[in-house]
Amino acid sequence: MILFSRSLFHVSSLACAITISSAFQASSFEVVRPRLDVAYRMSAKAIFDQEAFIAESKEMRLKHLEEQAMFALKIACENYGNAVFPNALIAGDVVITHLLHRMGYLKDATKCKVMVVDTFHLFPETIEFLREIEKYYDFKAEVFCAEGVPVGDKEAYDAKYGVDLWKEDIEQYDKVCKVEPFQRGLKTLNTDCMINGRTRWQGFERAWINQFENAPIGGGLAKCNPIAYWTLEDTFDYIAKYKVPHHPLHAKGYPSIGDAKDTIPIPEDGSTRFVNFKFEGDATKWLDYATERKGRFVGLQNKDGSTKTECGIHVAGAEKTFERDLWNAGNSAVKVLATAEEATALKKSGKPFVVAVYAPWCQFCQKMEDEYESFAAQMDGKIDVYKLRGDEIRDYVTKEFNTASFPTINIVKPDGTAVKYESEKRDVSSFKDFVAKTLEKSMV
């Protein structure tokens, strides 16, 4: 278009110069008026096939975006030793999968590995689709899930973390089911460059990303965003052009797919769909700016009351995982109850004690670690202060130590009665007041 405009400019300038010259030759006082009839004839001759022009322009754009994305992937896979692609199986990710296959990187695990995080709350179609594209492209993804739970074992997850963890604390759910396994996957695969499908088109939180950047996770890990400059329309145009295998829920009205518990069709009636590589219904409901993830995180709020738009994987602070236990034995004043049997025996001993039922991954447990440690040190010689990990023995701690969430602090009286600390204030002074009110004041 720029070249076309310049050509018109030169032609117009030349015509203008000739007209002015002729006018002055005829009479220096003659007024030269534009030839409107000539303009009309030129306009009629300039008519062209708009649809064909638009289609060709989109094809040119798609070719440029494809080349740009492949160049970025080549840098990621050739220049780094361990490029890893965390694949969420959404539209942009299947395009990247297709490109990696075309470039031969899927079959060569030394160039690029694919990992998938199973939150145990995905749509059934998601894991089924993963198996389909593994077979189609002849590769095998590394699947990671919540710590201490076998891959695919939802019952084990429920037993350890609870069926309703996401309802009780969405931030902790994100850490347990998304951030921690994501981080563990990157670490296990020795990742030095992470490939992902984020785009500027997805919303204001991502509006300024580039094709390469340092991730706020993993200590400055290199991050490759090969389709950073694509719109969602570009993505689906590419899927249609190359008949790229894509998530079956696109055909049921879902522009983006996450957890089944908080993902809905857009519009909610499912009238917009991508079926047989074509849109049905009003495609703008999906393709407008920042609408791709409009059906994600529905009904979820952050702790500050703001609407949830990110799961936490790509934000600053995500590197804070929980690979260690709390109040480590050997350098802590907090004593350990290692098993339910030990806890039961202590309850029957006739000695009063304080016990914190906790989970090492719980942010609230982590936040009170220093205060509870100081409390235990100050109570030394007065009353024993214990910890009991409860996420692996939920039924027991629910029954014996009043535990519905973590942390739960109890004072156990000499008769074995467990009295729950109900306050949200978790500091030394408040803990000491609780002991004073529950037991003899002389103990504090």
Hey, can you tell me all the residues within the stretch 243-266 that are out of contact with any Gly (no Cβ under 7 Å at 6 or more places or on another chain), surrounded by fewer than 21 Cβ atoms within 10 Å (Cβ to Cβ) and in a helix (DSSP H, G or I)? 248, 251, 260, 261
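Considering only the stretch 221-254, state which residues are at pLDDT 95 or above and either among the basic types (Lys, Arg) or on the phi > 0 side of the Ramachandran plot (or both). Let's see the steps before the verdict.
Taking the stretch 221-254 and keeping what is at pLDDT 95 or above, we get 224-254.
Once the filter is applied, which keeps residues that are at pLDDT 95 or above and either among the basic types (Lys, Arg) or on the phi > 0 side of the Ramachandran plot (or both), the stretch 221-254 yields 241, 243, 252, 253.
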Taking the stretch 108-125 and the residues there that are in contact (Cβ under 8 Å) with a residue 40 or more places away in the chain and open to solvent by less than 10 Å² (accessible area, probe 1.4 Å), the one that is nearest to the chain's Cα centre (by Cα) would be 119
All but one of (1) open to solvent by 40 Å² or more (accessible area, probe 1.4 Å); (2) assigned to a helix (DSSP H, G or I) hold for residue 178; which doesn't? (1)
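Please verify whether residue 435 is surrounded by 21 or more Cβ atoms within 10 Å (Cβ to Cβ) and in contact with a Phe, Trp or Tyr (Cβ under 7 Å, 6 or more places away or on another chain), treating the condition exactly as stated. It would help to see each step written out before you state the result.
Working: surrounded by 21 or more Cβ atoms within 10 Å (Cβ to Cβ): yes; in contact with a Phe, Trp or Tyr (Cβ under 7 Å, 6 or more places away or on another chain): no.
Judged against the criteria, residue 435 is not a match.
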Answer yes or no as to whether residue 134 is over 30 Å from residue 299 (Cα atoms), among the acidic types (Asp, Glu) and either open to solvent by 40 Å² or more (accessible area, probe 1.4 Å) or in a helix (DSSP H, G or I) (or both). yes
Take the residues in the stretch 341-388 that are at negative phi and free of Cβ contacts under 8 Å to residues at least 40 places away in the same chain, then tell me which one is nearest to the chain's Cα centre (by Cα). 360
Quick one: in the stretch 323-344, of everything that is open to solvent by less than 60 Å² (accessible area, probe 1.4 Å) and outside any loop (DSSP other than H, G, I, E, B), which residue is farthest from residue 387 (Cα to Cα)? 344
Of the residues in the stretch 345-374, those that are open to solvent by 10 Å² or more (accessible area, probe 1.4 Å), assigned to a loop (DSSP other than H, G, I, E, B) and in contact with a Gly (Cβ under 9 Å, 6 or more places away or on another chain) come to 348, 349, 350
Residue 311: passes all of (1) surrounded by 19 or more Cβ atoms within 10 Å (Cβ to Cβ); (2) assigned to a loop (DSSP other than H, G, I, E, B); (3) modelled with pLDDT of 95 or more; (4) not charged (D, E, K, R) but (3)
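Condition check ((1) at pLDDT 95 or above; (2) open to solvent by 80 Å² or more (accessible area, probe 1.4 Å); (3) more than 30 Å from residue 286 (Cα to Cα)) across all residues:
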position: 18; (1), (2), (3): no, yes, yes
position: 61; (1), (2), (3): yes, yes, no
position: 65; (1), (2), (3): yes, no, no
position: 69; (1), (2), (3): yes, no, no
position: 77; (1), (2), (3): yes, no, yes
Being in a loop (DSSP other than H, G, I, E, B) and either over 17 Å from the mean Cα position of the chain (by Cα) or of a type in the set (S, T, N, Q) (or both): is that true of residue 146 here? no
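The values are calculated or read from the model by the stated rules, or taken from the named source; none is laboratory data. Small disclaimer: the values here were computed from a predicted structure and weren't measured. Heads up, the Cβs are rebuilt from the backbone with ideal geometry, glycines too, and the neighbour counts pull from every protein chain shown. SASA here: full protein model, heavy atoms, side chains in, ligands and nucleic acids out. Shrake-Rupley method; radii C 1.70, N 1.55, O 1.52, S 1.80 Å.
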